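These notes are about the structure you will find just below.
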Amino acid sequence: MPPLVRVSFVLFAAVLLAVGAALVAGVPNVMPWPMQPRSAVLVGWIFLGDALYFLLPLRTPLWDNARAPLLSFLAYD
């Protein structure tokens, strides 16, 4: 896996972990729009799961392992 992809995965995971943990913990004004407390917790857990999705290819840094997270990120954007 190219070094740029590894660094990107670490950055994606770090941001997702920070925002997800803040949402689950109930920190106000994390998102740029108002959210109901239950919705914020649900989105926080989704972000935490996404962080793991980006961290798993770093355990075995092969291009084949990075393909699915990159395609999902591309499809999302």
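The values are calculated or read from the model by the stated rules, or taken from the named source; none is laboratory data. What you are looking at is a predicted structure, and each value in this text was computed from that prediction instead of being measured. Glycine gets a Cβ as well: all are built from the backbone with ideal geometry, and neighbour counts include every protein chain shown. Side chains are part of the model used for accessible areas, which takes the heavy atoms of the whole protein and leaves out ligands, DNA and RNA. Shrake-Rupley method; radii C 1.70, N 1.55, O 1.52, S 1.80 Å.
Just to be sure before I move on: is residue 33 part of a loop (DSSP other than H, G, I, E, B), open to solvent by 100 Å² or more (accessible area, probe 1.4 Å) and not aliphatic (A, V, I, L, M) in the structure I sent?
yes
Which pairs turn up if I take residues in region 3-15 that are farther than 20 Å from residue 47 by Cβ and hydrophobic (A, V, I, L, M, F, W, C) and look for partners that are open to solvent by less than 80 Å² (accessible area, probe 1.4 Å) and in a helix (DSSP H, G or I) with beta carbon separation below 8 Å, at least 6 apart in sequence or on another chain?
5/66; 5/70
Given the criteria at pLDDT below 95, surrounded by 13 or more Cβ atoms within 10 Å (Cβ to Cβ) and either assigned to a helix (DSSP H, G or I) or of a type in the set (Asp, Glu) (or both), does residue 14 qualify?
Here the answer is no, as residue 14 does not meet what is asked.
For region 47-57, which residues satisfy the criterion of being under 8 Å from the mean Cα position of the chain (by Cα) and open to solvent by 90 Å² or more (accessible area, probe 1.4 Å)?
Matches in region 47-57: 52, 53.
Look through region 26-77, keep the residues that are hydroxyl-bearing (Ser, Thr, Tyr) and in contact with a helix residue (DSSP H, G or I) (Cβ under 8 Å, 6 or more places away or on another chain), and return whichever of them is modelled with the lowest pLDDT.
Only one residue fits best here, namely 72.
Please pick out the residue among 38, 67 that is more than 17 Å from the chain's Cα centre (by Cα), part of a helix (DSSP H, G or I) and not hydrophobic (A, V, I, L, M, F, W, C).
38
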